[in-house]
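A quick write-up on the structure given underneath.
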Amino acid sequence: MIKSMTGYGGAKGTSGKTEISVEVKSVNNRYLDCSIKMPRVFSAFEGTLKEIVQSCISRGKIDVYVTIDSTNADDIEIRVNSPLAKSYVEALKQIALENELRDEIRIADITRFPDILHAEKREVDSEKLAGDIGDVLKSALVDFNKMRAREGEKLSRDMSDRLDEIVRLTDLIELLSPKSVLEYRKRLEARMCEVLESTSIDEDRILAEAAIFADRTAVNEEIVRLRSHISQLRDLISADEPVGRKIDFLVQEFNREANTIGSKGNDSEMSKVVVSLKSEIEKIREQVQNIE
């Protein structure tokens, strides 16, 4: 089933006690243009995340928003400068001995001295964090693709309805084509009678002129090609792969046949049908701009 190029998806996950949130948004674009927005400190992961996006999406302007919250993470470690603490203890004992003071050294006294305790951020396992962010992104893309598939189903139904109308109009053109030749013959005969001021007209000449007109205005080939395009388009909109560019090209072929039919027909009724035909083709062309 075809997918729309526009969509939204999101997912949340964790890496240890670090919370990860990913949002994926897209709009129409001729090619794939992926932008990853995340904290600069994690920018080294951007290439890996883009590869994940490219494996799921072939076309569209994609914005991926990655939020990483490590406020609850236990990545802070308190380290003790043991040699320095020992030196302070020895110095305090020396002072007490020399000044005949009571030797009451408490832990709180030692920790007040500078550089005894210092907080240190634990090293992050970058490979694990990158993998966990990638997993959350994949979940967000699943949600994202579900929305695109729902939108694609609506587009598919609309185009199928348009194709049904194009089939009806094509059948009508096929019926009107011989009628226009017959009416041309009547008009030609009337003009020739008027010019020659006679009701005795060479039947062979009338037939020859009508045959030339019929050959010049025949739309059989265009109708055959239109029906072939209709069949191809029905196959494409039910395909389980990106087909937007193929459909875009095929719609151009629809337009080419419709324009040729319009240029050949000189009947007012036929012209109205061709206008309706081109209108339906244009509506399909507009929808194709939303298809991946």
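The values are calculated or read from the model by the stated rules, or taken from the named source; none is laboratory data. Remember, predicted model here, so these are calculated numbers, not experimental data. Positions of Cβ are backbone-derived with ideal geometry, glycine not excepted, and every protein chain shown enters the neighbour counts.
Within the range 251-292, restricting attention to residues that are under 29 Å from Asn29 (Cα atoms) and in a loop (DSSP other than H, G, I, E, B), the residue that is nearest to the chain's Cα centre (by Cα) is Glu292. Checking the structure you have, find out if any residue of the range 73-86 is free of Cβ contacts under 8 Å to residues at least 40 places away in the same chain, among the charged types (D, E, K, R) and in a helix (DSSP H, G or I). Looking through the range 73-86, at least one residue is free of Cβ contacts under 8 Å to residues at least 40 places away in the same chain, among the charged types (D, E, K, R) and in a helix (DSSP H, G or I).
Against the criterion of being more than 30 Å from Leu236 (Cβ to Cβ) and more than 14 Å from the chain's Cα centre (by Cα), Glu46 qualifies. Restricting the first member to the range 161-181 and to residues that are acidic (Asp, Glu), and the second to residues that are surrounded by 14 or more Cβ atoms within 10 Å (Cβ to Cβ) and modelled with pLDDT under 90, the beta-carbon pairs closer than 6 Å and six or more apart or on different chains are Glu174/Ile223.
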